[in-house]
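This report concerns only the one structure given below.
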Amino acid sequence: MLRCCALWVALVSTTATSVWPESGNATTSTNAGPNNLVEGFKFEQARSSATLDAAFARYEALLGSSGAYATGTGISEVSVKVAPGASDKLSFGVDETYTLTITGSTATIAAATPYGALHGLNTFVQLADDYGPVAQDYLSVPSEMQINDGPRFAWRGLMIDTARHYYPLDFVKHVVDTMAASKLNILHIHFTDD
């Protein structure tokens with residue numbers, strides 16, 4: 001287990017960007033300095049989706065607890081656009097691709113389904129949490145960037161064996177949060193050996 005964790009840390013620390021898993025297609029302008037997130041920052045969507053509303057609340061709270069917002073100019077919102085008629089119903093093989101575009105003070109996530117948009121939100125939060133100099137006072141993202149991404153494999157999962165090992169509920173919740181941050185989509189819980 002310790003070797004597995006050490007390997008994961010080594011992989012994360014050698015990634016060129018602060019996005020995990022590393023994006024398949026990301027372009028950043030050579031003049032892309034930090035672009036601060038400003039007070040009143042929020043996520044916006046054109047259509048109503050209960051899945052995205054819950055994600056917005058979660059990620060806004062996460063960003064608010066991890067850093068300070070700047071005053072003045074910068075990014076005040078991320079516009080999330082999901083294809084018209086896309087269902088919130090989750091099924092195996094659902095389209096999870098997204099495009100994240102940051103241009104000046106505008107940030108947009110476009111996806112075919114809410115689940116692609118969730119991955120785009122996760123990528124944006126990862127960028128905001130880890131971009132810029134170490135002594136950065138405010139949450140920031142690159143001022144010019146485009147990421148076109150999607151999962152390489154349809155089945156990206158993890159198994160918890162509760163039949164042979166006891167795990168407290170808080171641990172299982174932490175595993176689910178970590179899976180979301182790593183963009184995994186399958187949780188197999190082995191409850192019993194019968």
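The values are calculated or read from the model by the stated rules, or taken from the named source; none is laboratory data. Quick caveat, the model's predicted, so the values are computed rather than measured. Every residue, glycine as well, gets a Cβ built from its backbone with ideal geometry; the counts of neighbours run over all protein chains shown. For the accessible areas, the whole protein counts, side chains as well, though only heavy atoms, and no ligand, DNA or RNA atoms are used. Shrake-Rupley method; radii C 1.70, N 1.55, O 1.52, S 1.80 Å.
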Pseudo-spin-label distance Asn25 to Ser48, built 7 Å along Cα→Cβ, given in nm, is 3.5 nm
Prolate/oblate/rounded call for the range 144-193, Cα gyration tensor, a/c under 1.5 rounded | oblate
Ranking Lys42, Lys89, Lys183 from most to least accessible area with a 1.4 Å probe gives Lys89, Lys42, Lys183
Note on the range 72-137, DSSP bridge orientation, antiparallel percent to nearest 5 equals 55 percent
Would you calculate the volume per residue, in Å³, of the smallest convex hull containing every Cα atom of the range 96-184?
-> 135 Å³
How much accessible surface area, in Å² rounded to 10, belongs to the heavy atoms of Leu169 with a 1.4 Å probe?
-> 120 Å²
Mind checking the alpha-carbon convex hull of the range 81-142 and giving the volume per residue in Å³?
-> 86 Å³
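Whenever you get a sec, line up Arg47, Arg58, Arg164 from highest to lowest accessible area (probe 1.4 Å, protein heavy atoms).
Values: Arg47 65, Arg58 105, Arg164 145 Å².
Correct descending sequence by accessible area is Arg164, Arg58, Arg47.
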Can you give the FRET efficiency for Ser76 and His190, using 1/(1 + (r/R0)^6), R0 = 35 Å, r = Cβ-Cβ distance, to the nearest 0.05?
-> 0.15
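Nearest 5 is fine: what % of DSSP beta bridges in the range 67-194 come out antiparallel, could you say?
Around 50 percent of the beta bridges assigned by DSSP in the range 67-194 are antiparallel ones.
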What whole number of Å gives the distance from the Cα centroid of the range 142-160 to the Cα centroid of the range 46-95?
-> 16 Å
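Based on the mean of other beta carbon atoms within 10 Å per residue, what is the order of 94-105, 152-163, most packed first?
94-105, 152-163
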